[in-house]
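Asks: This structure is in structure tokens; I'll ask about it shortly.
The values are calculated or read from the model by the stated rules, or taken from the named source; none is laboratory data. Only a predicted model underlies this, so the values are computations on that prediction, with no experimental measurement involved. Glycine gets a Cβ as well: all are built from the backbone with ideal geometry, and neighbour counts include every protein chain shown. Calculation scope for accessible area: heavy atoms of the full protein, side chains included, ligands and nucleic acids excluded. Shrake-Rupley method; radii C 1.70, N 1.55, O 1.52, S 1.80 Å.
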Amino acid sequence: MNTQEWVKQVIKQEEIDKYLVNGEDFINEDLIWDVINKNQEPTKEQIQKILEKSLRIERLEPDEVAALMAVKDEELWKEMRKAALEVKKKVYDNRIVFFAPLYCSSYCVNSCKYCGFRCENKDEKRILLEMNQVKQETEAVIDEGHKRMIVVFGEHNKSDVDYMAECIQNIYSVKTPAKNGKGFNSIRRVNVNAAPLSIGNLKKLWRAGIGTYQVFQETYDKKIYEEVHPKETIKGNYRWRLYALHRAMEAGIDDVAIGALFGLADWRFDVMGLIYHTIDLEKHFGIGPHTISFPRLQPAPGSYISEHSKYLVDDENFKKIVTVLRLAVPYTGLIVTAREDKDIKREVLSYGCTQTDASTKIGVGAYTEAKKQEDNEDAVQFMLGDQRSLDEVIAELIDDGYITSFCTAGYRCGRTGDKIMGLLKTGLEGKFCKLNAILTFREYLNDYASEETRRKGEILIEKEMKEIEESDFFKDKKLINTFKLYYDKIKNGERDLYI
Ligand code: SAM
Ligand code: SF4
């Protein structure tokens, strides 16, 4: 099948129609604007009531989210950030989860106006990694200390679902010897960020061992969506994308990740879009998204809109987005990526975000070549704001009192989908995760940390161990002895022990 024929058979209309209600999707623009407009003057009391609801770890309703976004009083925003931090502590404690993106292919049949990979960008060098290159890239990522990866693909028949499945399997197969000579390290979870697929193709990814499936709607504003995604392209079909994660759930992938590319449309509208998306997933499948992303538009080679969109989001509004989302969907992970510069990243990690990346390279094949981003401008999708190594970012987080987690135990023990949501809501997952986070943090300190990071990390672990020992929860559950046993074994060079 040639590329044009392939493009024609991607969208399955019946896999859109089945989710519509009376022919309508769940984004009702007039309704969203009504909700935003009628909640423009919330009182302090109203806001405090909403914060109490978040603190009970309940998802907020659209009216409540609109009210939070409309707050003008700076003091009240401070209170909201404080509540956001409290929510985060309740659900996630002081853990930050790390991952690394791996770009496998820059071929793309779409022409999104903000992206360096758009097919009309003739300056873009197109690269598709061969499987031996996928393995080399994986080795380089493992050698930084990562255990979780998200693989990223343009939409093209060269990188179709079989190619994606092969990448996933090859990544899992890579084992690199630990530096101390004891055991091997590997990637333990492979997530995917790719174009929307049909249910049949999603089942193939599920069989290949996909972790989370991530698709960003880019913008929920239909008019702007049409302007930035040419009609004749696959991505020009708003509803095919809108229901991508419904199809994933149906295919058995119960960890799905939503997101919007902030800067294309009014940020308040896209926050509401994310909330309505969450609600519709909950309605159909009983659980919402595993994570939410809110990347900000970054300058992309040859893309006018990426630098001149009238909706570009400044730092102040970006912080508001994080605060509101943390309060609105308390049990969902929030991701901030290396697109953001280090100071803003540090700040939003402190009260909202739970996951981030580091030592990131977004050129296809760039980990192996270890090329500097500046040398590689014609092979990247957009430019990064934070290019620090994993070790540097971890060291900073230790200073801020955060444990770095590479834990993937939850998924491997079947704590996914509605099971993990239930545990997160009651705070139980947080307790298991704390122990597993420390175990994986110890692994990192053994194998990859600089001397200074190891020293600081060990002091933090000591403090955490003391807190754990004193906590009633762990005494009751008698987990502590197993944990200590595992911790000592890992300290002595064993790998991949989890509770
Ligand atoms: N091709 C697939 C798709 O479009 O869903 C997946 C890969 S695409 C490279 C991943 C994400 O990169 C997109 O969903 C978009 O949100 C983001 N992206 C594209 N251009 C960007 C830019 N200039 N700045 C920030 N993020 C961008
Ligand atoms: Fe292709 Fe995705 Fe970039 Fe759009 S955002 S041009 S679909 S890689």
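Asks: If I model a spin label at residue 471 and residue 459 as a point 7 Å from the Cα along the Cα→Cβ vector, what separation in nanometres do I get?
Replies: 2.3 nm
Asks: Under unit Cβ charges (Lys, Arg +1; Asp, Glu -1), what dipole magnitude, rounded to 20 debye, does the stretch 29-84 have relative to its Cα centre? Please list the in-between numbers first.
Replies: Values: 10 positive and 14 negative charges, 72 e Å.
Roughly 340 debye, rounded to the nearest 20.
Asks: Something else: How many angstrom separate the Cα center of the stretch 301-326 from the Cα center of the stretch 442-498?
Replies: Taking the Cα centre of the stretch 442-498 as reference, the centre of the stretch 301-326 is 39 Å away.
Asks: Okay, moving on. Hey, if you put +1 on the Cβ of every Lys and Arg and -1 on every Asp and Glu Cβ in the chain, which of 97, 196, 274 ends up farthest toward the positive end of that dipole?
Replies: Working it through, the farthest residue towards the positive pole turns out to be 97.
Asks: Oh, and also: With unit charges on the beta carbons (Lys and Arg positive, Asp and Glu negative) and the dipole taken about the Cα centre of the stretch 29-84, which residue among 55, 35, 66 sits farthest to the positive side?
Replies: Sorting the options by dipole projection puts first 55.
Asks: On average, how much accessible surface per residue is there in the stretch 263-330, in Å², for a 1.4 Å probe, leaving out ligands, DNA and RNA?
Replies: Working: 2050 Å² over 68 residues.
Ligands and nucleic acids excluded, the result is 30 Å² per residue.
Asks: If you bin the C-alpha pair distances of the chain every 20 Å from 0, what whole percents do you get?
Replies: Histogram of Cα-Cα distances, whole percents per bin: 23, 59, 17, 0.
Asks: What FRET efficiency would be calculated for the residue pair residue 70, residue 8, taking the C-beta separation as r and a Förster radius of 56 Å, to the nearest 0.05?
Replies: Numbers: r = 45 Å, r/R0 = 0.80.
Efficiency at R0 = 56 Å is approximately 0.80.
Asks: If you don't mind, there's one more thing I want to ask. By how many nm would the segment from residue 41 to residue 18 lengthen if fully extended, with 0.36 nm per residue of separation less the alpha-carbon distance? Write out the running numbers ahead of the final one.
Replies: On the way: separation 23, 0.36 × 23 = 8.28 nm, distance 3.84 nm.
This chain segment gains 4.4 nm when fully extended.
Asks: Sticking with this structure for a sec: Classify the stretch 270-330 from the C-alpha gyration tensor, please: rounded if a/c falls under 1.5, else prolate or oblate depending on whether a/b exceeds b/c.
Replies: Working: a/c = 3.05, a/b = 1.93, b/c = 1.58.
Prolate shape, in that a/c is at least 1.5 and a/b is the bigger ratio.
Asks: Can you grab the distance from the C-alpha centre of the stretch 12-80 to the C-alpha centre of the stretch 195-249, Å, no decimals?
Replies: Each part reduced to its Cα centre gives a spacing of 23 Å.
Asks: Going by amide H atoms built from the backbone, whose H comes under 5 Å of the H on residue 405, apart from near neighbours?
Replies: Distant-sequence amide H within range of residue 405: 96, 97, 98.
Asks: Through the Karplus equation 6.51 cos²θ - 1.76 cosθ + 1.60, θ set to phi - 60°, convert the phi angles of the stretch 441-454 into ³J(HN,Hα) values in whole Hz; use x for Gly and Pro.
Replies: Result, ordered by residue: 5, 4, 4, 4, 4, 4, 9, 10, 6, 5, 4, 5, 5, 4 Hz.
Asks: With N set to the number of residues, divide the alpha-carbon radius of gyration of the stretch 29-84 by 2.2 N^0.38 Å and report two decimals. Each step should come with its number before you reach the end.
Replies: On the way: Rg = 11.1 Å, N = 56, 2.2 N^0.38 = 10.2 Å.
Dividing the Cα radius of gyration by 2.2 N^0.38 Å gives 1.10.
Asks: Under a Cβ-only charge scheme (Lys and Arg +1, Asp and Glu -1), can you give me the dipole magnitude of the chain about the Cα centre, in debye to the nearest 20?
Replies: On the way: 75 positive and 83 negative charges, 313 e Å.
The dipole magnitude comes to about 1500 debye.
Asks: Greater than 26 Å separation of Cα atoms is the criterion. Which listed pairs, 310/345; 175/466; 231/320, meet it? Mind dumping the intermediate values first?
Replies: On the way: 310/345 23 Å; 175/466 34 Å; 231/320 33 Å.
Over 26 Å Cα-Cα: 175/466; 231/320.
Asks: So what does residue 69 come to for accessible area, using a 1.4 Å probe and Å² rounded to 10?
Replies: Surface accessible to solvent at residue 69 totals approximately 10 Å².
Asks: With point charges of +1 on the Cβ of Lys and Arg and -1 on the Cβ of Asp and Glu, referenced to the Cα centre of the chain, which listed residue (153, 234, 109) lies farthest in the positive direction of the dipole?
Replies: 153
Asks: Another one. Check which residues have an amide H placed less than 5 Å from residue 219's amide H, if you skip close sequence neighbours.
Replies: Close amide H contacts, sequence-distant or interchain: 261.
Asks: Let me ask something else about it. Quick query: amide H of residue 151 versus all other amide H atoms, modeled in the peptide plane; which residues come in under 5 Å with a sequence gap of 5 or more or a different chain?
Replies: Sorted by chain and number, the residues that satisfy this are 102, 191, 192, 193.
Asks: Right, another one. Please provide three numbers in whole Å: the alpha-carbon extents of the stretch 155-267 along the principal axes, with the largest listed first.
Replies: 57, 30, 26
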